[in-house]
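Structure first, commentary second.
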């Protein structure tokens with residue numbers, strides 16, 4: 001089989017897998033948060049709610065696609081796709097097990113971070129094209145926030161790169177065979193914490209979800225979308241969260257390293273990613289959100305200096321220990 | 001009514017330097033009811049608030065003229081539907097004042113128990129909805145919202161065992177109360193308030209030191225002492241601004257003078273101060289309920305016979321103003337009686353109506369996100385505002 | 001933002017403990033049993049005095065209708081949802097028609113309170129959800145049907161009036 005065809009099939013399988021996982025992760029989140037709130041999540045649709053995501057997807061597909069009258073048609077209609085594309089594209093670079101990854105680029109992390117930052121374009125397109133002041137306000141806040149938090153996010157993600165000496169995601173995992181980076185004294189734990197905080201903000205998760213603040217801006221830039229376009233945007237958001245959870249598990253929690261045969265690594269990896277996701281969800285459902293100016297203050301005055309210092313510390317440690325491998 | 005000419009300018013937009021006019025419309029997840037606030041924004045900062053009310057007007061004051069003294073207490077619950085007991089109490093107190101009708105001691109204690117339990121339930125709702133406004137329906141706010149409602153449900157179960165209804169009771173009648181305690185209710189009440197006291201500790205643990213919560217509520221929506229007195233706010237708003245004014249102390253009604261409770265006062269005037277006032281009120285109300293249950297005297301629950309017909313209660317000529325300390329502030333009823341079975345005129349002083357008047361003074365200068373925090377700490381209920 | 005290094009660390013420590021406490025509360029609630037009741041498979045236990053759907057009753061001994069068509073309930077109802085026509089007969093009066101608009105009823109229990117013969121009562125159930133509002137316009141037959149079908153609430157007119165003023169023999 002020609003490699004191009006093989007890659008195409010692999011990409012198709014991955015895409016469907018991602019969509020399936022993301023849909024069921026929404027159910028996991030709903031059950032998890034329901035238990036935290038003394039209630040049961042979805043229960044009646046299928047045994048213990050297992051068919052709920054499918055019911056939701058079907059419902060969204062059948063909904064009327066309402067397009068606001070004075071919206072900028074091309075921008076409005078293309079925004080969900082422009083938002084979805086980067087969020088799903090990054091899954092291509094993640095190695096799920098040794099050798100089981102779509103494209104283990106040797107600039108994997110750079111590709112991931114760069115492409116995931118492109119979602120802002122789709123977001124702003126949605127906010128602008130909706131012809132809605134709430135959406136516009138939310139989009140402006142979003143651009144502010146995501147750009148501000150991408151910097152600490154990148155610096156936190158670079159700490160494992162410095163410690164391992166490679167940008168290739170598979171290489172970072174292999175370098176953790178001696179010990180996960182989160183167990184690294186001080187730099188590992190603080191780096192993981194900084195990564196989580198930056199991830200919360202770059203994903204617009206509470207406490208940093210000011211841009212979709214349901215109680216003020218009623219769904220933010222998504223407010224004018226309904227039906228399948230809304231489904232695409234939801235999918236993109238959750239896919240992005242899962243992607244960064246996978247990245248966090250990869251960078252700090254050892255990726256597919258774990259006891260057992262090689263192919264079990266994919267299972268360990270998914271479990272670790274879900275653990276990161278549940279941790280993020282736990283934070284999300286415990287805190288109130290903070291205002292946008294406070295969010296920006298935290299980013300520029302706290303998180304950025306901290307991650308820079310950690311990165312420098314990591315660099316010093318590596319240089320002191322005689323340097324890591326070639327970049 | 002705002003100046004129509006100025007209104008036109010605002011609605012055409014762009015009055016100067018790139019101002020955006022945004023409508024936090026009557027359909028809004030955190031409008032606390034149906035409330036329209038036309039915000040004028042410069043970027044993220046609010047520079048003007050134009051409040052529009054009246055979406056929930058149901059002609060209560062006209063109903064007061066067409067319904068008799070026997071029928072209206074059930075309807076009075078619907079003004080402040082979150083704290084129904086205190087609304088009914090204001091009306092029957094006014095009628096009893098004019099008619100010089102004495103209320104037996106047991107009925108007074110029962111009224112106190114009902115009013116204080118209602119205050120706890122109302123504050124549970126306040127805390128839940130406020131945190132939900134600030135934290136989002138899909139976020140930590142919803143968690144606290146569901147916890148508060150879980151506690152409120154236990155209180156509503158108590159009311160259900162007492163009257164049969166969960167939200168709108170019809171508990172008060174002119175001359176006393178309509179229901180007496182069923183068997184085992186006092187024990188159940190005690191264990192419920194014990195549970196709630198423990199849960200309030202949990203909420204405080206969740207919110208007190210929380211830097212996010214502090215950042216959202218400190219220095220936000222400061223009502224200065226002078227402004228509070230000028231505008232005529234009442235309840236936790238005025239006590240959060242340093243003035244110790246509680247109608248249960250100033251003009252005790254229904255034997256409140258027999259109870260020992262603290263009136264919490266904070267001087268900050270911001271959302272945090274009002275939060276602290278209400279959290280202390282939680283505990284004080286629990287204390288009052290315990291004292292009332294302990295000292296509940298035996299006896300009749302009404303000085304008038306049971307209601308047998310619609311025109312049974314006739315109040316002689318006179319007019320008076322009776323007020324109670326509701327969870328939101330001073331709820332007052334001005335009643336003009338003319339000797340028949342119906343009042344000649346009845347006017348409600350809604351606590352939330354007067355409290356909302358403070359919004360155009362304290363909101364400008366804050367960000368959009370603060371508007372919901374301030375609205376939540378003012379805690380309006382639009383049944384009271386629009387009547 | 002903190003001004004000096006010492007207050008920075010102490011604020012950070014405070015923030016960490018506060019975050020830990022909040023997440024601890026959430027975790028504790030995660031381990032508690034949910035309070036959900038699986039309605040309609042499991043029904044909540046309604047209390048004795050529950051104000052449910054309205055119904056008309058028959059006399060327990062004679063099997064006759066209790067309602068004498070006196071219209072007291074019609075006059076006292078605040079939203080005026082009851083309409084009664086009296087039918088005169090030799091020994092006692094009856095209600096010729098009795099309509100109750102349940103969709104507008106406030107469930108205030110005033111009609112129950114004033115009924116001299118305990119004819120109209122409330123039931124300990126509210127399971128009358130329907131897709132057609134006309135089913136909630138209850139006529140006399142339907143009201144009697146409901147009265148036989150479900151469990152009545154504790155409150156009848158006599159009991160409520162006795163509660164408000166004890167009978168003369170036991171004056172306190």
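The values are calculated or read from the model by the stated rules, or taken from the named source; none is laboratory data. Because the structure is predicted, anything quoted here is derived from the model rather than measured. When we count neighbours, we look across all protein chains shown, and the Cβ atoms used for this are built from the backbone with ideal geometry, even at glycine.
Here are a few things to note about the model shown:
- Residue in region A:116-130 that is in a loop (DSSP other than H, G, I, E, B) and either in contact with a strand residue (DSSP E or B) (Cβ under 7 Å, 6 or more places away or on another chain) or more than 26 Å from residue A:190 (Cβ to Cβ) (or both) present: yes
- Residue that is nearest to residue A:230 (Cα to Cα) [pool: residues in region A:20-31 that are away from chain B (no Cβ under 12 Å) and surrounded by fewer than 20 Cβ atoms within 10 Å (Cβ to Cβ)]: A:23
- Scanning region C:69-86 for residues that are surrounded by 19 or more Cβ atoms within 10 Å (Cβ to Cβ) and part of a loop (DSSP other than H, G, I, E, B) yields C:69, C:77, C:78, C:81.
- Single condition residue C:110 does not satisfy, out of (1) within 25 Å of residue B:62 (Cα to Cα); (2) modelled with pLDDT under 90: (2)
- As a summary of the residue check, residue A:96 satisfies the conditions (1) in the same structural domain as residue A:177 (by TED's automatic domain parsing); (2) farther than 20 Å from residue A:123 by Cβ; (3) within 20 Å of the chain's Cα centre (by Cα); (4) surrounded by fewer than 18 Cβ atoms within 10 Å (Cβ to Cβ) except for the one numbered (4).
- Failed criterion for residue A:12 (all others in (1) at pLDDT 90 or above; (2) over 24 Å from residue A:87 (Cβ atoms); (3) exposed (fewer than 12 other Cβ atoms within 10 Å of the Cβ) hold): (2)
- Residue match in region C:50-69 (condition: touching a residue at least 24 places away in the same chain (Cβ under 8 Å) and within 8 Å of chain B (Cβ to nearest Cβ)): yes
- When residues of region B:202-221 are limited to those that are crowded, with 19+ Cβ neighbours inside 10 Å and more than 7 Å from every other protein chain (Cβ to nearest Cβ), the one nearest to residue B:134 (Cα to Cα): B:217
- Residue B:146, sole failed condition from (1) farther than 27 Å from residue C:110 by Cβ; (2) crowded, with 24+ Cβ neighbours inside 10 Å; (3) at the interface with another protein chain (Cβ under 8 Å from one of its Cβ atoms): (2)
- Helices (runs of 4 or more DSSP H) completely within region B:268-387 that count 3 or more residues being away from every other protein chain (no Cβ under 14 Å): B:271-294, B:351-356, B:359-362, B:382-386
- Which numbered condition residue B:134 misses (of (1) closer than 28 Å to residue B:34 by Cα; (2) more than 14 Å from chain A (Cβ to nearest Cβ); (3) in contact (Cβ under 8 Å) with a residue 12 or more places away in the chain): (2)
- Residue list for region A:169-203, filter: surrounded by 20 or more Cβ atoms within 10 Å (Cβ to Cβ) and assigned to a loop (DSSP other than H, G, I, E, B): A:180, A:184, A:203
- When B:190, B:225, B:239, B:248 are checked against the criterion of being touching a strand residue (DSSP E or B) at 6+ places or on another chain (Cβ under 6 Å) and either away from chain C (no Cβ under 14 Å) or more than 24 Å from residue B:326 (Cβ to Cβ) (or both), a single residue qualifies: B:248.
- Within region B:55-81, the set of residues being more than 12 Å from chain C (Cβ to nearest Cβ), touching a strand residue (DSSP E or B) at 6+ places or on another chain (Cβ under 9 Å) and assigned to a loop (DSSP other than H, G, I, E, B) comprises B:55, B:79, B:80.
- Members of region A:276-297 that are more than 7 Å from chain B (Cβ to nearest Cβ) and touching a helix residue (DSSP H, G or I) at 6+ places or on another chain (Cβ under 8 Å): A:276, A:277, A:278, A:279, A:280, A:281, A:282, A:283, A:295, A:296
- Failed condition for residue B:328, given (1) buried (at least 22 other Cβ atoms within 10 Å of the Cβ); (2) at pLDDT below 90; (3) under 26 Å from the mean Cα position of the chain (by Cα): (2)
- In the set (1) at the interface with chain C (Cβ under 9 Å from one of its Cβ atoms); (2) at pLDDT 85 or above, residue B:122 fails one condition alone, (1).
- Selection status of residue B:153, modelled with pLDDT of 90 or more, surrounded by fewer than 24 Cβ atoms within 10 Å (Cβ to Cβ) and within 14 Å of chain A (Cβ to nearest Cβ): yes
So that you can scan it fast, the table gives a plain yes or no per residue for (1) at pLDDT 85 or above; (2) away from every other protein chain (no Cβ under 13 Å):
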{"site": "A:190", "(1), (2)": "yes, no"}
{"site": "A:194", "(1), (2)": "yes, no"}
{"site": "A:203", "(1), (2)": "no, no"}
{"site": "A:206", "(1), (2)": "no, no"}
{"site": "A:233", "(1), (2)": "yes, yes"}
